[in-house]
Amino acid sequence: MNRLKPDVLIIGGGIHGCSAAYHLAKVGVQVTVLEKDWVSRHASGVNAGGVRLLGRDLAEVPLSKVAMKLWQNLDDELDADTGFRKRSLINIAADEQDMNTLYARREKMHTAGYQHETIIDQQELRERLPHVSPFCVGGVVSEDDGYAIPYQSTKAFRRAAERHGAVFMEGECVEQIRKVGTHWHVATRTKAFQAEKLLNCAGAWADKVSVMIGDNVPLTHSAPMLMITARMPHFATPVVGAVSRPLSFKQFENGTVLIGGGSKGFADRDNNRTRLDYKKLAIGAYNAAEFFPIMKKASINRMWSGLEAYMPDNLPVIGRSVNADNAWHAFGFSAHGFQMGPVVGRVMSDLITTGQSTFDLQAFRIDRFERKVL
Amino acid sequence: MSTSFDIAIIGAGPAGMSAAITASENGASVVVLDEKAACGGQIYRNVNNSPLENPEILGSDYTKGGQLVNEFNNCPAEKYYNASVWHVSDSGEVLFSREGETHSLTAREVLICCGAMERPFPIPGWHLPGVMSAGSAQVMLKAEGIVKEDAVFVGTGPLIYLVIAQYLRLGVKVKALIDTTPNTAYIESMPKFPGAIPKTGMLFKGLSLFNEIRKAGVPVYRSAKELAIKGNEQAESIEFFSGGKKHSLETDHVFLHQGVVPHLNLTRAVSLDHEWDKQQLCWRPVHDKWGKSSVDWISVAGDNTGIVGADGAELTGKLVALHQLTRLGKMTETERDVRAEPLNVTLHGLNRFRKFIDSLYRPLDEFRIPQDETTVVCRCEEKTVAELRVGFDQGGRGPNELKGLTRCGMGPCQGRQCGHTVSELLAEWREEEVAEVGYYRLRSPLRLLNLQEFGQFSEIEPVNAAAGDIA
């Protein structure tokens, strides 16, 4: 179905675009989502699926906390299976220095009034993760954290949005954006769209869209790498991370183990492709086996990476355009945006329909890196 | 700085062996990687050290490979066996595991000749224990001398008759041959028959195999349809229609076969362009007459390019080597063309014969595109036709979207077994050409890679540096 003149045109069919479409459509706004490939093709479909509140930057905590509440009942809300499982997340401390990092973090969190991160000692760590290496001395846990299946989650938002009347058009890559009078004119290769309001959720391509809207932004893109094993006997219920090492993994119910850790491959954005840096991935493999000796026998089944957008401070852009009226941005989540999908869509819907949000979005302004004039 | 090989050849079957011989004897530094413990490929596996007392019973098409194997063993190419290639990067790096470690090497030219695999045969019950492919029956026979008594062979194509004949010569009892070649195929393949006439020797070989099976008293059910393997924990019987009647045979060993298709995992993983071959009903990498793929420095040869058979593989391997030598500046274009001409003449004859064989043994739609809802398509993740249909109706119109929604193709084989079936099923559901539907986007490592093994990295350089790129 085509809808060339919606109330709101969303550029980008990732989880934020789909979630925004859902929240807008739910309150009766006519929405069209333009996706240059297909919905959930890039970061939203191929990320590690971490649903994480633990260790968030303080600026993100309010949003992330609300998102975490939404995740607990998201399947009911969207009438779909996102694959969400509440499993808790533990960041492991490998030595006393890590423990000191945790104590400092606790101090900061308590001062800000946040109590959701709890430090655990070595004994409790072993009770929660019986296969952890003996050298690990403790850790920090967040109980509501877990994981979901990215592709299914993003699709769930899309289908729920469609049930409320949102229209998704795939294979529509935006080539030109102009403001004509009160309306945005947006052209793809074969189609022309008009809308009063525009939302940029274009992920790793969002800087290009920003420039067309009229906002400069120091966005970069990269290719965080992941690998998944064949099925293993069950050995870890919580999602696992480490305080100071590039280690992150989760074991799914089918026994497969997804190993991440944030090491980056090479992003070839213009060709929709990524290349892996196997030597770096090998370090991730080494770390996993060092922290969990049972993983030495694991068999890697697939390795991949996706194109993801990064901001210099690793915080997203969420808010209105500073140089144009009736345009908004939500992008640059720097490899931790998946968990915030449910709430960011709501924030964007609020901003677009009422001009306001209940959250303080100062830290996420698009112009926060603009040089101050002396 | 590390030095590179001139040519890295992946796969030491007839194509890889002949390419290695031609290239290395003309001054190129060549490295050959094969995942098996010895060269020969599926066709010439263990040809010079067979576990059988009389390997001759496997036939002259097998034993003749001994000469090529000897030549290959004596050529100056470096050979790494038990070397499982799991990544070829677009910068020319080849990664493989061997003896508990990960190795990398670089080469100016790469030849991918990983051969063929048996076409999946998705019928009800094909996933049950006790059901194997006729090809794996032959592998067990060639590699370890193991046979299964009283098995039922089901399908079509030269290999199935050959394996039965090999069994019979060893005195192994074969319970039945359920031949799925439709009666109409003999008529429909006739227009291609003139192409087969110059190869009457090959035709007679085929006929004599069939006579051998008949004479041995093996019951043959012709033009069989509506196959279903029954059993709870394991295959117990097979049901089918033949000669206007429904049959049921009790058996705990079923060997299926309906031809072979190119082994795609590596060519797909390096993102070569592929096309759908309507004659052979399979995907194959796009390539020119020298085997050059859509990536300049990657070539393909042998059954990996589309099924050409062992003799064709040997010829295409040589042709690739000649062209790579020219690209490396080690052979003039004139010499290349002179040496290629007789090879191309022979290859042309083989291709005409192949057209006839492809037409005669064309696998039926009902055995490639499963209609029964309960039939398992993806064996790794145990996904049935019905489950895929649900995913399709939810918007999984392409193989990758369907994979994301259903996990079909996500298991350890990375879609090797279900890829062709999924492409054709989706094409039928979309009422479009298979070429429009496409195939899975593949991820390294193509095989299961041990985590610890992956953690150990080392680089391999040519032993004979003088032959390398230092000159």
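The values are calculated or read from the model by the stated rules, or taken from the named source; none is laboratory data. These numbers come from a predicted model, not from an experiment. So basically every Cβ, Gly included, is an ideal-geometry build from the backbone, and we count neighbours across all protein chains shown.
Summary of values
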quantity: Test: B:Ser97 is within 14 Å of chain A (Cβ to nearest Cβ), buried (at least 18 other Cβ atoms within 10 Å of the Cβ) and outside any loop (DSSP other than H, G, I, E, B); calculated: yes
quantity: Matching residues in the stretch A:231-263 - criterion: being part of a strand (DSSP E or B), surrounded by fewer than 23 Cβ atoms within 10 Å (Cβ to Cβ) and within 13 Å of chain B (Cβ to nearest Cβ); calculated: A:Leu258
quantity: Cross-chain or 6+ apart pairs with Cβ under 9 Å, the stretch A:37-51 first and more than 9 Å from chain B (Cβ to nearest Cβ), then of a type in the set (Asp, Glu); calculated: A:Asp37/A:Glu170; A:His42/A:Glu308; A:Ala43/A:Glu308; A:Asn47/A:Glu308; A:Gly50/A:Asp145; A:Val51/A:Asp144; A:Val51/A:Asp145
quantity: Residues within the stretch A:284-324 that are part of a helix (DSSP H, G or I), more than 7 Å from chain B (Cβ to nearest Cβ) and buried (at least 20 other Cβ atoms within 10 Å of the Cβ), tallied; calculated: 3
quantity: Single condition B:Arg379 does not satisfy, out of (1) more than 11 Å from chain A (Cβ to nearest Cβ); (2) surrounded by 20 or more Cβ atoms within 10 Å (Cβ to Cβ); (3) closer than 29 Å to A:Phe249 by Cα; calculated: (2)
quantity: Members of the stretch A:305-336 found to be in contact with a helix residue (DSSP H, G or I) (Cβ under 6 Å, 6 or more places away or on another chain) and under 30 Å from B:Cys413 (Cα atoms), listed by number; calculated: A:Gly306, A:Leu307, A:Glu308
quantity: Leading residue by the ranking (surrounded by the most Cβ atoms within 10 Å (Cβ to Cβ)) among those in the stretch B:34-58 that are among the aliphatic types (A, V, I, L, M) and assigned to a loop (DSSP other than H, G, I, E, B); calculated: B:Val47
quantity: Residue in the stretch B:404-414 that is farthest from A:Asp81 (Cα to Cα), counting only those that are more than 9 Å from chain A (Cβ to nearest Cβ) and modelled with pLDDT of 90 or more; calculated: B:Gly409
quantity: Among (1) within 14 Å of chain A (Cβ to nearest Cβ); (2) touching a strand residue (DSSP E or B) at 6+ places or on another chain (Cβ under 6 Å); (3) surrounded by fewer than 19 Cβ atoms within 10 Å (Cβ to Cβ); (4) at pLDDT 90 or above, the one test that B:Glu436 misses; calculated: (2)
quantity: Matching residues in the stretch B:145-191 - criterion: being among the hydroxyl-bearing types (Ser, Thr, Tyr) and closer than 20 Å to B:Met117 by Cβ; calculated: B:Thr156, B:Tyr161, B:Thr180
quantity: Any hit, the stretch B:174-186, residues being farther than 18 Å from B:Gln417 by Cβ, touching a Pro at 6+ places or on another chain (Cβ under 6 Å) and either in contact (Cβ under 8 Å) with a residue 24 or more places away in the chain or surrounded by fewer than 24 Cβ atoms within 10 Å (Cβ to Cβ) (or both); calculated: yes
quantity: Residues that are more than 25 Å from A:Pro224 (Cα to Cα), in contact with a strand residue (DSSP E or B) (Cβ under 9 Å, 6 or more places away or on another chain) and not hydrophobic (A, V, I, L, M, F, W, C), drawn from the stretch A:335-348; calculated: none
quantity: Any hit, the stretch B:261-280, residues being buried (at least 22 other Cβ atoms within 10 Å of the Cβ), of a type in the set (A, V, I, L, M), part of a loop (DSSP other than H, G, I, E, B) and at pLDDT below 95; calculated: yes
quantity: Criterion violated by A:Ala195 - all others in (1) under 14 Å from A:Val33 (Cβ atoms); (2) out of contact with any strand residue (DSSP E or B) (no Cβ under 9 Å at 6 or more places or on another chain) satisfied; calculated: (2)
quantity: The stretch A:264-299, residues that are in contact with a helix residue (DSSP H, G or I) (Cβ under 6 Å, 6 or more places away or on another chain) and under 17 Å from A:Ser248 (Cβ atoms); calculated: A:Ala282, A:Ala285, A:Tyr286, A:Ala288, A:Ala289, A:Met295, A:Ala298
quantity: Residue list for the stretch A:111-147, restricted to those being in a helix (DSSP H, G or I) and aliphatic (A, V, I, L, M); calculated: A:Leu125
quantity: Residue check for A:Phe168: part of a strand (DSSP E or B), of a type in the set (A, V, I, L, M, F, W, C), within 14 Å of another protein chain (Cβ to nearest Cβ) and buried (at least 16 other Cβ atoms within 10 Å of the Cβ); calculated: yes
quantity: Qualifying residue in the stretch B:202-217 (condition: out of contact with any strand residue (DSSP E or B) (no Cβ under 8 Å at 6 or more places or on another chain), under 17 Å from B:Ser359 (Cα atoms), in contact (Cβ under 8 Å) with a residue 60 or more places away in the chain and not polar (S, T, N, Q)); calculated: yes
quantity: Criterion: more than 27 Å from B:Val31 (Cβ to Cβ), at the interface with chain A (Cβ under 10 Å from one of its Cβ atoms) and surrounded by fewer than 19 Cβ atoms within 10 Å (Cβ to Cβ) - qualifying residue of B:Arg430, B:Arg441; calculated: B:Arg441
quantity: Filter pass, A:Thr188 being in contact with a Cys (Cβ under 9 Å, 6 or more places away or on another chain), more than 14 Å from chain B (Cβ to nearest Cβ) and crowded, with 16+ Cβ neighbours inside 10 Å; calculated: yes
quantity: Residue pairs meeting the criteria (Cβ under 6 Å; at least 6 apart or on separate chains; first over 30 Å from B:Asp61 (Cα atoms), in the stretch B:309-332; second in a helix (DSSP H, G or I)); calculated: B:Thr326/B:Glu333; B:Thr326/B:Arg336; B:Met331/B:Leu325
quantity: Residue selected from the stretch A:264-283 under the condition part of a strand (DSSP E or B) and at the interface with chain B (Cβ under 8 Å from one of its Cβ atoms), by the criterion farthest from A:Ala236 (Cα to Cα); calculated: A:Arg273
quantity: Yes/no for A:Met227 being closer than 30 Å to B:Gly411 by Cβ, assigned to a loop (DSSP other than H, G, I, E, B) and either modelled with pLDDT under 95 or touching a strand residue (DSSP E or B) at 6+ places or on another chain (Cβ under 9 Å) (or both); calculated: no
quantity: Lone unmet requirement of (1) within 14 Å of chain A (Cβ to nearest Cβ); (2) crowded, with 19+ Cβ neighbours inside 10 Å; (3) within 20 Å of the chain's Cα centre (by Cα) for B:Leu449; calculated: (3)
quantity: Residue among B:Thr106, B:Thr102, B:Thr156 that alone is more than 23 Å from the chain's Cα centre (by Cα), in contact (Cβ under 8 Å) with a residue 60 or more places away in the chain and surrounded by 23 or more Cβ atoms within 10 Å (Cβ to Cβ); calculated: B:Thr102
quantity: Selected residue (only one of A:Gly306, A:Gly319 is outside the structural domain of A:Ala160 (by TED's automatic domain parsing) and either without any contact (Cβ under 8 Å) to a residue 60 or more places away in the chain or small (Gly, Ala, Ser) (or both)); calculated: A:Gly306
quantity: Lone unmet requirement of (1) over 21 Å from the mean Cα position of the chain (by Cα); (2) in the same structural domain as A:Asn271 (by TED's automatic domain parsing) for A:Met1; calculated: (2)
